[in-house]
Amino acid sequence: MPSPYNRPKLPGIPGIKDFKGHTFHTARWDFDYTGGDLHGGLDKIGDKRIAVIGTGSSGIQAIPHLARGAKHLTVFQRTPSYVFERANYPTDPEWVKSLKPGWRAERQRNFHNAAFAFYNPGEPDLICDGWTEVARNLAAKLNETNGWAALADPAKFLELKEIEDYKAMERLRQRVESIVEDPETAEKLKPYYRNMCKRPVFNDEFLPTFNRDNVTLIDVSETKGVERITEKGIIADGVEHEFDCIVFASGFEITTALERQFDIAPFTGREGTSLYDHWGKGFRTLHGIMAHGFPNHFATGFVQGGVTAATTLMFEQQADHIAYIIKEAQTRGATLVEPTSEAEEGWVQTVRQYSVDNSTFTTECTPGYYNSEGEPNGRSFLGDPFWGGFYELTELLENWRSTGDLEGLVLEK
């Protein structure tokens, strides 16, 4: 199934079609216009006034390169990102030789524990970066005070975790202050929200870019974004800024309304029913990969799946399960396979059984795709996930396959 999450998204800014200059999306980079290649060296824009709308992952990667190439770069920021050092170092060959079989799976599980929950007593941090910082510091604090009994008191445990969360984010804000020379610009770049409200980004060049004379940061948080695009440029806070080119670092269809994501041809089932209509009252799948009424429709993604911080591992899990079903269906001479409505309903109930209410956390976060752009009662991009955990889902799927019955599936020739 084609995923909507790889489709570039343009922001819904009034007048976006009015601009007479050049435009492109970061996912459709126009090297004919900028020059250079994937490694930078944008040597054709030395006389250009460039605007970038967006400071998420895409913008943070592109902004340092654009700043080095452009006559002037103006960055429009609604919400500052979590930006920590990347600190890439050469891998020590001797360290690689010391790795024992199974090290990859061990690190994946360790990463998952820290990013989605917390380290267990005695569990080391095998990752040691910004993703695992809060869990690492919390474990150290509990070890220091012999306070692991706090796990038995969820309220106390969350209080301790929030303290470590604040410390980590404050250290991040202090880092911004230590790098960005202009105090006013530094303040705009400080992230004032909970850790993991936004996807952490790691880049060594982004923050120093704002020390360049040819770079301007315009904060549009008060107006919740750019007000309007005109023939000549962009209006922010009532002021029109003129540009030769606008670069949209506005991400992908993750935050777009479901009807735009799933009410299209690849997501149409029997009798022309759209997946959007099928999910009108809530997500409904079997194991997060199939839906009743959509034969031979296999999905990868977050919807009712076992979410993990290692997204590629989640896709591997789903691909293994899909491959098994296809192979078994073909072995049995079937050309169509789909779940029954009963099996689908059973999985819905299983997902609900393991559901976790994290609405308090998400509503406290600044707008973003983690909380449906801050919309009240908005659906999460995670798509009602299986909160029992990635590894529990792995065991559940393995047990389902081990019977060989393809329980809950209808095969047709």
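When you look at Ala67, is it touching a Ser or Thr at 6+ places or on another chain (Cβ under 6 Å), in the same structural domain as Val226 (by TED's automatic domain parsing) and in a strand (DSSP E or B), yes or no? No, not satisfied. Looking at the structure I just gave you, is Asp244 buried (at least 17 other Cβ atoms within 10 Å of the Cβ) and either under 30 Å from Thr268 (Cβ atoms) or touching a Lys or Arg at 6+ places or on another chain (Cβ under 8 Å) (or both)? Yes. Screening Pro101 against (1) touching a helix residue (DSSP H, G or I) at 6+ places or on another chain (Cβ under 8 Å); (2) more than 30 Å from His25 (Cβ to Cβ); (3) of a type outside the set (S, T, N, Q) leaves a single unmet condition, (1). Within the bounds of the stretch 111-125, is there any residue that is surrounded by 12 or more Cβ atoms within 10 Å (Cβ to Cβ) and either touching a Cys at 6+ places or on another chain (Cβ under 8 Å) or in the same structural domain as Glu364 (by TED's automatic domain parsing) (or both)? No, every residue in the stretch 111-125 fails to be surrounded by 12 or more Cβ atoms within 10 Å (Cβ to Cβ) and either touching a Cys at 6+ places or on another chain (Cβ under 8 Å) or in the same structural domain as Glu364 (by TED's automatic domain parsing) (or both). From Ile163, Ile179, grab the single residue that is more than 23 Å from the chain's Cα centre (by Cα) and closer than 21 Å to Leu138 by Cα. Exactly one residue qualifies, and that residue is Ile163. Against the test of being at pLDDT 90 or above, over 20 Å from Thr311 (Cβ atoms) and either charged (D, E, K, R) or not in a loop (DSSP other than H, G, I, E, B) (or both), the options Glu106, Glu94 yield a single qualifying residue, Glu94. If you filter the stretch 207-250 down to residues that are among the aromatic types (Phe, Trp, Tyr) and in a loop (DSSP other than H, G, I, E, B), you find that the one that is farthest from Pro183 (Cα to Cα) is Phe243. The residue that is modelled with the lowest pLDDT, among those in the stretch 8-41 that are touching a strand residue (DSSP E or B) at 6+ places or on another chain (Cβ under 7 Å) and surrounded by fewer than 15 Cβ atoms within 10 Å (Cβ to Cβ), is Leu10. Of all residues in the stretch 296-347, those satisfying the criterion of being surrounded by fewer than 17 Cβ atoms within 10 Å (Cβ to Cβ), over 24 Å from the mean Cα position of the chain (by Cα) and not small (Gly, Ala, Ser) are Asn296, Tyr324, Ile326, Lys327, Gln330, Thr331, Arg332, Thr335, Leu336, Thr340, Glu342, Glu345.
The values are calculated or read from the model by the stated rules, or taken from the named source; none is laboratory data. All values derive from a computational prediction rather than experimental measurement. Positions of Cβ are generated from backbone atoms using ideal geometry, with glycine treated the same way; all protein chains shown enter the neighbour counts.
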